[in-house]
Amino acid sequence: MRLAAGTHARLGATWDGRGTNFALFSANAEKVELCLFDSQGRREIERIELPERTEDVWHGYLNDVSPGQLYGYRVYGPYEPERGHRFNANKLLLDPYAKRLAGRLVWSDAHFAYRAGSPREDLSFDRRDNARGMPKAVVIDETFNWGRREMRPQIPWEDTIIYEAHVKGLTNKRDDVPPNLRGTYGGLSSPAMIKHLKRLGVTTIELLPIHAFIDDRMLVEKKLVNYWGYNTISFFAPEQRYAQDNPLDAFRTTVARLHDAGIEVMLDVVYNHTAEGNHLGPTLCYRGIDNASYYWLQPDNPRFYDDFTGCGSSVNLTHPRVLQMVMDSLRYWVEVCHVDGFRFDLATTLAREKHGFDRRSGFLTAIRQDPVLAGVKLVAEPWDVGLGGYQVGAFPSQWSEWNDRYRSAMRRYWSGEGSLIGEVSSRMTGSSDIFNHDGRTQRASVNHVTVHDGFTLADLFAYNSKHNEANGEDNRDGSNDNHSNNFGHEGPTDDAVINALRRQSRKNQLACLFLAQGLPLLLAGDEVGNSQHGNNNAYCQDNEVGWIDWSGMGREGDDLIDFIAHMTELRRRFGQIRARRWLDGRRSDGSFGVLWLTPSAEEMTQTDWTFPDGRFLAYVLAPVEQEQAPIFIVLNAAPEEIGFKLPKLAETRTWQQVLDTTQAQQKPVDFASGADLKAPPRSVLAYAGLS
């Protein structure tokens with residue numbers, strides 16, 4: 001027989017070397033048809049009703065289907081939005097477990113399950129076939145030759161330095177990357193980019209979403225695209241626009257080459273919502289397969305979605321099959337693609353139960369017990385827009401979290417705001433007020449000043465206001481809370497004094513980022529003064545605005561590559577910056593973890609911490625091991641120089657200056673303990689204690 005029952009055990013299309021098993025979950029469907037297409041995806045050549053249903057999985061086995069076959073599904077059931085059901089078999093649907101997509105979405109009203117423009121809105125029903133404009137899932141052969149050399153770097157948490165980058169934007173304007181590789185997966189692992197990453201000293205590249213995504217209709221009509229990719233339609237398929245041919249193999253080849261260079265690969269993953277949007281969105285996959293299972297619906301009116309994400313809907317991980325899909329996806333990227341970790345967008349949504357965020361939610365519990373995920377890095381964006389959504393510090397000890405408290409404090413401090421030294425002291429030492437509980441350590445805090453969302457580092461000190469007009473929303477989108485400082489002129493200027501202040505401020509932020517306990521995250525392009533011309537929400541700018549401008553390389557003042565390399569080397573040299581135990585002050589035996597000092601090198605009192613408009617902070621971090629050196633760090637955000645005294649410590653006769661952000665070149669200079677020095681205006685200094 002050509003068609004057999006097959007198995008429900010493995011969801012998706014699974015080729016076993018002879019034929020292909022198809023399995024699709026839907027708890028509320030009445031019938032499921034598998035649709036096979038020609039090699040171009042233009043003509044539907046056959047419809048086959050899946051013959052079996054086991055534990056709400058519809059399945060069948062075809063002995064003549066092999067890799068390369070294009071397919072989709074039509075799912076039959078009630079169209080009753082008031083009850084949460086939105087089945088419409090006129091719509092071709094993607095397999096949620098598709099490992100590869102062919103073709104692109106061509107927008108039309110046919111992609112909506114209701115009649116667009118009807119006064120009844122989504123309560124109406126549309127009978128048009130949308131298959132012609134739909135991408136198709138592709139049966140694949142997952143085998144891949146990793147080679148004997150490929151070894152996962154397994155960088156310890158405390159040694160991790162993250163570099164956040166967009167696949168296309170990173171290399172699209174990079175002249176030393178071969179033209180055919182620019183803007184692709186292959187460009188990430190080109191010799192020039194690997195050399196660049198190693199020179200910076202970063203250990204881990206974190207990629208903006210590469211799960212297959214679609215361009216919103218609203219953007220396409222404005223001749224824009226969803227550049228960042230936070231609009232996922234398939235959680236297993238790599239986005240095809242970053243590959244010339246087979247995206248899965250192209251991505252895996254890149255991972256292998258980065259691993260050979262000792263560089264980890266993390267993925268920014270968006271499991272909190274899908275590209276189907278709100279109740280007036282298209283029916284492309286999950287909504288048409290089983291809307292009531294996949295999404296959070298309002299309990300008293302299931303026509304509408306509980307929107308914790310601000311994107312129209314929220315994926316419901318309290319449903320065991322939806323949770324299974326997310327866990328299967330994570331394991332797939334680890335086992336099949338060898339990725340080293342994940343950053344979870346709006347992670348609070350994933351950990352919601354019916355009563356709200358729950359540290360013991362099904363999702364967090366499943367993650368905790370999973371042996372495949374035990375060895376990878378897990379980073380939460382610990383908030384969403386729902387009630388009780390802000391959960392910084394609340395994730396389990398296995399996780400690290402984006403620490404927006406660090407970003408806010410350090411932006412305010414270096415933009416000129418006073419009376420912040422208490423908070424800055426906490427942010428520079430791992431934010432113990434947030435993370436010191438449940439066995440967590442400093443690595444729980446992912447420190448960052450700039451990320452994809454918001455101003456670049458250059459723009460942070462060039463613009464006081466956002467300039468997002470190019471996004472087509474009359475500058476309404478993007479945050480107004482930037483804590484930036486243009487130093488008296490909005491945008492580019494020829495004023496040498498202003499430009500010097502801006503460059504100095506960039507170095508100060510970078511110095512603090514790498515001197516702070518916790519994990520530093522560097523935004524790609526900040527090392528060369530990349531600007532988005534004041535756009536702080538370039539999600540739709542697949543152009544000169546969104547791509548990194550590398551012209552700053554080699555340009556005095558803008559090229560901070562060597563400076564960052566020096567800072568990453570300081571992190572490696574001083575183990576106390578990468579500490580795994582929380583700091584304490586002066587102990588009974590006279591030893592200490594950290595000493596907070598006044599400019600006169602006396603230990604600070606409560607009065608010193610509340611000094612009016614204080615902007616000077618100095619402290620010594622004791623070495624972790626006895627033979628190592630202490631480090632003395634001085635932050636001066638004041639617009640004037642401040643005199644200070646080098647501390648006198650037992651066994652420390654000399655302090656060697658290892659950092660002065662006002663100097664173009666970092667050259668070591670020795671000073672005697674107790675020497676009187678001056679901290680230049682708006683500067684960061686660091687000294688190594690020598691016996």
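Summary of values
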{"read-out": "For the range 340-432: span of alpha carbons on each principal axis (Å, largest first)", "value": "45, 31, 19"}
{"read-out": "Inter-label distance for Gln656 and Asp56, nm, one decimal - labels placed 7 Å from Cα along Cα-to-Cβ", "value": "6.4 nm"}
{"read-out": "Share of alpha-carbon pairs per 10 Å distance bin for the range 141-278, given as whole %", "value": "12, 39, 35, 12, 2"}
{"read-out": "Where labels lie 7 Å past Cα in the beta-carbon direction, separation of Gln398 and Asn301 in nm", "value": "3.8 nm"}
{"read-out": "Whole-number percent relative contact order across the chain, with pairs defined as alpha carbons under 8 Å at least 6 apart", "value": "10 percent"}
{"read-out": "The range 273-308 residues near the modelled Glu80 label - backbone nitrogen below 19 Å, point 7 Å along Cα→Cβ", "value": "287-305"}
{"read-out": "Under-5 Å amide H pairs with His85, H placed in peptide plane, nonlocal only", "value": "Glu80"}
{"read-out": "Nonlocal amide H pairs with Gly6, under 5 Å, H built at 1.01 Å", "value": "Tyr61"}
{"read-out": "Antiparallel bridge percentage (DSSP; both residues within the chain; nearest 5)", "value": "75 percent"}
{"read-out": "Computed FRET value (nearest 0.05) for Asp175 with Glu625, which takes r as the C-beta separation and R₀ as 41 Å", "value": "0.40"}
{"read-out": "The range 485-529 versus the range 403-426: alpha-carbon centroid distance in Å", "value": "15 Å"}
{"read-out": "Euclidean distance of C-alpha centroids, the range 303-331 and the range 580-644, integer Å", "value": "46 Å"}
{"read-out": "Local electrostatic count at Asp215 - Lys and Arg +1, Asp and Glu -1, tallied over other residues with Cβ under 12 Å", "value": "+1"}
{"read-out": "Projected-area average for the range 584-690 over all orientations - Cα convex hull basis, square nanometres", "value": "7.0 nm²"}
{"read-out": "Charge dipole magnitude, Cβ of K and R +1, D and E -1 - the chain, Cα centre, debye nearest 20", "value": "960 debye"}
{"read-out": "Per-residue ³J(HN,Hα) for the range 395-409, Karplus 6.51 cos²θ - 1.76 cosθ + 1.60, θ = phi - 60°, Hz, x for Gly and Pro", "value": "7, x, 5, 5, 9, 10, 9, 4, 9, 6, 5, 4, 4, 5, 5"}
{"read-out": "Ser108/Trp609 FRET efficiency (R0 56 Å; Cβ-Cβ; nearest 0.05)", "value": "0.35"}
{"read-out": "Efficiency of FRET between Asp584 and Ala500 - r from beta-carbon atoms, R0 30 angstrom, step 0.05", "value": "0.15"}
{"read-out": "For the range 142-276, share of DSSP beta bridges that run antiparallel, in % to the nearest 5", "value": "25 percent"}
{"read-out": "Residue-count net charge about Val167 - beta-carbon cut-off 12 Å; Lys, Arg +1, Asp, Glu -1", "value": "-2"}
{"read-out": "Net charge over other residues, Cβ less than 13 angstrom from the Cβ of Leu258 (K, R count +1; D, E count -1)", "value": "+1"}
{"read-out": "Label-to-label distance, nm, for residues given as Glu417 and Val336 (7 Å Cα→Cβ offset)", "value": "4.6 nm"}
{"read-out": "Cα convex hull volume per residue for the range 386-463 (Å³)", "value": "119 Å³"}
{"read-out": "Potential lengthening between Glu641 and Phe125 on full extension [0.36 nm per residue; Cα-Cα distance subtracted]", "value": "178.6 nm"}
{"read-out": "Gained length - Asp481 relative to Arg2, 0.36 nm times residue gap less alpha-carbon distance", "value": "166.3 nm"}
{"read-out": "Whole-number D in µm²/s for the range 3-138 (Stokes-Einstein; Kirkwood sum over Cα pairs; 4 °C, 1.567 mPa s)", "value": "84 µm²/s"}
{"read-out": "Relative contact order of the range 30-72, pairs being alpha-carbon contacts under 8 Å that are 6 or more residues apart, as %", "value": "42 percent"}
{"read-out": "Exceeding the 32 Å Cα-Cα cut-off - candidates Lys198/Lys222; Lys99/Lys168; Lys136/Lys168; Lys31/Lys354", "value": "Lys198/Lys222"}
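Throughout, read-outs are computed from the coordinates displayed, never taken from laboratory work. As the structure is a prediction and not an experimental result, all values here were calculated from the model. All Cβ positions, glycine included, derive from the backbone under ideal geometry; neighbour counts span all protein chains shown.
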